[in-house]
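Read the figures in this text as sums done on the coordinates, not as results from a lab. Everything numeric here is computed off the predicted structure, so don't read it as measured data. Glycine also receives a Cβ, built like all others from the backbone with ideal geometry; neighbour counts cover every protein chain displayed.
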């Protein structure tokens, strides 16, 4: 049981490397390239880290809710109010 408990603890622990400000800026300078070079799993991780919710009611009617971590890093300001809530 101790071995299984240790394995469970290890399995639940994920180390996430946070990019430096310079790396983050380089990524943001070419978002399309970053997206193209990213795996499906990593795209999902980016979306989950950035968005708490995305509500889409049509092509031009949507609301995005950034995560607390995204807000702490200024993503809500970067998105702008128009991007957070858009109704045509």
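For an R0 of 30 angstrom, estimate the FRET efficiency from the Cβ-Cβ distance between residue 10 and residue 34 and round to the nearest 0.05.
On the way: r = 30 Å, r/R0 = 1.00.
FRET efficiency, residue 10 to residue 34: 0.50.
How do 35, 75 line up, fewest other C-beta atoms within 10 Å first? Kindly include the intermediate steps, with their values, before the conclusion.
On the way: 35 12, 75 17.
Least to most surrounded, the residues fall as 35, 75.
For helix 75-84, report the angle its Cα long axis makes with the longest principal axis of the Cα atoms of the chain; keep it between 0 and 90° and round to the nearest 10°.
Once rounded, the angle reads 40 degrees.
Using the alpha-carbon atoms, what tilt in degrees (0 to 90, nearest 10) does helix 40-50 show relative to the longest principal axis of the chain?
The angle comes out at about 70 degrees.
Per the helix-only calculation at 222 nm, which mean residue ellipticity applies to the chain, given -39500 (n - 2.57) for every DSSP H run of n ≥ 4 and division by its residues, nearest 500 deg cm²/dmol?
Mean residue ellipticity, 222 nm, calculated: -16500 deg cm²/dmol.
Suppose each label sits 7 Å from its Cα in the direction of the beta carbon; what would the residue 53-residue 27 distance come out to in nanometres?
2.5
Given Cα pairs under 8 Å that are at least 6 residues apart, what percent is the relative contact order of the chain?
18
Extending each Cα 7 Å along its Cβ direction at residue 45 and residue 79, get the distance between those two points in nm, one decimal.
Spacing of the two 7 Å Cα→Cβ label points: 2.1 nm.
Which order, highest average first, do 44-50, 3-9 follow once you tally other Cβ atoms within 10 Å for each residue and take the mean per peptide?
My ranking of the peptides, most packed first, is 44-50, 3-9.
Listing 76, 69 from the residue with the fewest other Cβ atoms within 10 Å to the one with the most, what is the order?
69, 76
Go ahead and set up a Gaussian network model of the chain, Cα springs under 10 Å, then flag whichever of 17, 53, 43 fluctuates most.
Among 17, 53, 43, the largest mean-square fluctuation in the Gaussian network model of the chain belongs to 17.
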